[in-house]
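The values are calculated or read from the model by the stated rules, or taken from the named source; none is laboratory data. Computed from a prediction, not measured in an experiment: that's the story for all the values here. Every residue, glycine as well, gets a Cβ built from its backbone with ideal geometry; the counts of neighbours run over all protein chains shown.
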Amino acid sequence: MEQPLAPYSVCNLAAINLGAMANKETKEVDFEKLKRTVEVGIRMQDNVIDATPYFLEDNTKMAKGERRIGLGVMGLHDLLIYTETVYGSKEGNQLVDQIFETIATTAYRTSIELAKEKGSFPFLLGESAAETQLLREKFVNSGYMKKMPEDIRQDILQYGIRNSHLLTVAPTGSTGTMVGVSTGLEPYYSFSYYRSGRLGKFIEVKAEIVQEYLNQNPDADPNNLPEWFISTMDLAPEAHADVQCIIQRWVDSSLSKTVNAPRGYTVDQVQAVYERLYRGGAKGGTVYVDGSRDAQVLSLTTEENKFEEEVTETNKKEKKQVVLIDTIADLRSTSVTIGSEVGNTCPVCRTGTVEDIGGCNTCTNCNAQLKCGL
């Protein structure tokens, strides 16, 4: 959970596309552009608090009392690729630390400027000047604020701050995919993979950044990309955990990050990863062992997303594989009405047609169930 909330609290979220913060000519991070983007993002989100119609008075009180916002990111891996830096490496972690330090310190300085213009968030205001100062002292002496540069802490003591919380890294699965960059803090799962959609269809996804690289380097071997094109499953679980802990240092709320582990990872190994996250200062953690569920949202091949149809007393037929989908075709070349991206032809046996039978999209020939209509 990347946004712990008090009762009736709310938080509006936004995400910076870090992929757009790279100077592709110099292969460096454009930190000035990043700072300007953070400044605009913080001001925009602060305005959203007042522009939002709240349905409950308790929500209104908490939203305008805390003025909590959550600025996050997407495209972190894109930025590292553009700077030819390996995700999870020592150099990569140093750059990630610098990037999120810049985001955090710029966000807090912007919120202080907003406090000068519009006042502190109301819950930081006491009934007297002495009480207000006491609240500010408690604020700057919290665990997170003790790690902040001294000028920020002193400015909060003098001027207050507009927002109680500023940073949250939520997952950006849909929006990141829509923009065409890596999602949230995650490295690319693969540079060609299948994504499970809400309709039970598996859609092939190819990372745009690979094609961009190949266009710029026509002699490059697409099957032997440079080392900075590392994928999720190429990283050791410990590397995933270390990146999360580095970023957590600069995030005042929490963040969403998955530690991916290979098939066969033991309980003791998973425990060791959680202990590593705890020691590194993470507020939470998720470890996902590949293949530990019957079906998973991301997979390298559609064949990995299969399950066997259950045999019941009323359904004593031979067990067989139920394949969700195994072929991708151009939608514009088909007349799709039901079941799959390959039109009404069954993508499993290539012979039968897919029809709605008993609420499920079912092949009339091999009886493969593509997805229930619900």
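In table form, for the structure just shown:
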item	result
Residue, modelled with the lowest pLDDT, within the range 16-38, restricted to residues that are surrounded by fewer than 16 Cβ atoms within 10 Å (Cβ to Cβ) and among the acidic types (D, E)	E25
Among (1) more than 17 Å from I209 (Cα to Cα); (2) in contact with a helix residue (DSSP H, G or I) (Cβ under 6 Å, 6 or more places away or on another chain); (3) of a type in the set (V, I, T) - the single one T85 does not satisfy	(1)
Test: V73 is among the aliphatic types (A, V, I, L, M), over 22 Å from D151 (Cα atoms) and in contact with a strand residue (DSSP E or B) (Cβ under 8 Å, 6 or more places away or on another chain)	yes
Verdict on K147 being at pLDDT below 95, surrounded by fewer than 20 Cβ atoms within 10 Å (Cβ to Cβ) and of a type in the set (K, R)	yes
Where a residue in the range 83-97 is polar (S, T, N, Q) and its partner, wherever it lies, is assigned to a helix (DSSP H, G or I), with Cβ under 6 Å and at least six apart	T85/E91; T85/G92; T85/L95; N93/I246
Answer from R162, R136, R109 - the residue that is touching a helix residue (DSSP H, G or I) at 6+ places or on another chain (Cβ under 8 Å), basic (K, R) and in contact (Cβ under 8 Å) with a residue 60 or more places away in the chain	R162
Any chance G176 is at pLDDT below 95, buried (at least 18 other Cβ atoms within 10 Å of the Cβ), in the same structural domain as V73 (by TED's automatic domain parsing) and not polar (S, T, N, Q)	yes
Filter pass, T85 being among the polar types (S, T, N, Q) and either outside any helix (DSSP H, G or I) or surrounded by fewer than 16 Cβ atoms within 10 Å (Cβ to Cβ) (or both)	yes
Top-ranked residue of the range 277-303 - restricted to ones that are modelled with pLDDT under 90 and of a type in the set (D, E, K, R), ranked as surrounded by the fewest Cβ atoms within 10 Å (Cβ to Cβ)	D294
Residue match in the range 262-276 (condition: under 17 Å from Y189 (Cα atoms) and surrounded by 15 or more Cβ atoms within 10 Å (Cβ to Cβ))	no
